[in-house]
Amino acid sequence: MHTITRTAVATVAVGIAALGLAACSSATAPATDPASAVATVAPTALRAPGTLSICTTNLGSPPNITTDESGTLIGSEIDLAKAISGRLGLTPDFVTVDFSALIPSLQAKQCDVIMASLYIKPERKEVVDFVPYLTSATGVAVKDGANNGITGLDDSLCGKKVMVTVGTTAQDLADTQSTACTTAGKKPLDISTNNQATVGFQQLISGQLDAYIDSAELIGYYQSQGTAGISLVGTPSSPIDIGAATLKGNTELHSALQTAFDDLVATGDYTTILSKWGQQSLAYTGSK
């Protein structure tokens with residue numbers, strides 16, 4: 001059972017998911033000391049001996065995964081991946097692909113594990129094994145001072161102009177809410193889509209939208225970074241876990257990743273990483 005306070009999610013940050021196809025590119029972090037490993041992985045369970053190849057995606061979704069001015073991958077999930085790799089005595093090698101290509105890339109053995117804000121859903125659990133390490137939720141943003149009656153992801157959105165990022169859980173939830181509105185005899189949501197959260201925020205601030213729906217943590221992050229004119233309303237909904245995904249059958253790597261994550265938590269380094277990125281309330285504390 002989860003013990004985190006879900007409503008606290010609104011004050012922290014996480015990332016978005018989107019669709020698309022792209023070629024792989026990689027960035028390798030400094031080597032780690034195998035002597036410090038809390039678990040070992042046989043070379044046969046890896047793409048390359050001594051290296052943990054990690055499929056990730058850069059959708060500009062801070063603070064989970066983004067890049068700095070030099071183009072280097074940074075973020076909480078990048079730090080977690082590095083820390084877990086180090087506990088396995090392996091060098092992390094980040095392979096960047098589009099979100100929709102994550103699982104196909106893992107299945108094609110272009111990487112050993114996915115760490116890319118991948119929600120743990122039943123259909124995904126049929127093809128990969130997960131080690132949960134973070135949580136997320138969905139929120140609704142409105143323009144500061146807006147008096148449009150919107151109170152969250154509920155019937156207050158009926159008939160309103162909203163935007164979502166294509167391919168995300170937010171899009172699914174908006175569609176579901178729109179159906180609920182029409183079933184109740186009310187107007188459906190007027191839903192538009194885009195591929196960048198910044199587009200949604202810009203249109204919201206300019207008055208072209210009544211609401212923008214995305215991860216509550218992403219909205220909170222942009223607020224904390226000084227994005228003027230937006231407010232999160234209501235209680236974040238549909239909490240869901242994020243996990244590191246490995247191929248079904250690669251039990252050795254899956255078990256090693258779990259051991260490494262458990263040590264990360266036990267030593268306090270997990271809390272340190274989440275605190276660095278303002279994500280303490282997103283800590284995964286459920287049963288494995």
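Quick notes
- Exposed GluC sites (Glu not before Pro) absent: longest stretch of the chain, with sites in DSSP loops and at most 14 other Cβ within 10 Å deemed exposed: 127-288
- Computed label-point distance, nm, for sites Q225 and S192 using a 7 Å Cα→Cβ extension: 2.2 nm
- Computed FRET value (nearest 0.05) for E252 with D68, which takes r as the C-beta separation and R₀ as 41 Å: 0.75
- Virtual spin-label span in nm between T271 and Q202, 7 Å along Cα→Cβ: 4.1 nm
- When D263, D172 are compared by accessible surface with a 1.4 Å probe, the order from highest to lowest is D172, D263.
- Coupling constants for segment 236-244 follow from the phi torsions by the Karplus curve (6.51 cos²θ - 1.76 cosθ + 1.60, θ = phi - 60°), and in residue order they are x, 10, 6, x, 8, 8, 10, x, 7 Hz; glycine and proline get x.
- Per residue, in Å², the accessible surface of the chain once ligands and nucleic acids are set aside, probe 1.4 Å: 41 Å²
- Relative contact order computed over the chain (Cα-Cα under 8 Å; 6+ residues apart), in percent: 30 percent
- Lys, Arg +1 and Asp, Glu -1 on Cβ, resulting dipole of segment 168-240 about Cα centre, debye, nearest 20: 160 debye
- Net charge contributed by nearby residues that have their C-beta within less than 15 Å of G167 (K/R +1, D/E -1): -3
- Counting lysine pairs in segment 119-254 whose alpha carbons fall under 17 angstrom apart, excluding pairs fewer than 8 residues apart on the same chain, gives 8.
The values are calculated or read from the model by the stated rules, or taken from the named source; none is laboratory data. Keep in mind the model is a prediction, meaning the values are calculated, not measured. Because the Cβ atoms are built from the backbone with ideal geometry, glycine has one as well, and the counts that use them run over all protein chains shown. These accessible areas exclude ligands, DNA and RNA; they are computed on the full protein's heavy atoms, side chains included. Shrake-Rupley method; radii C 1.70, N 1.55, O 1.52, S 1.80 Å.
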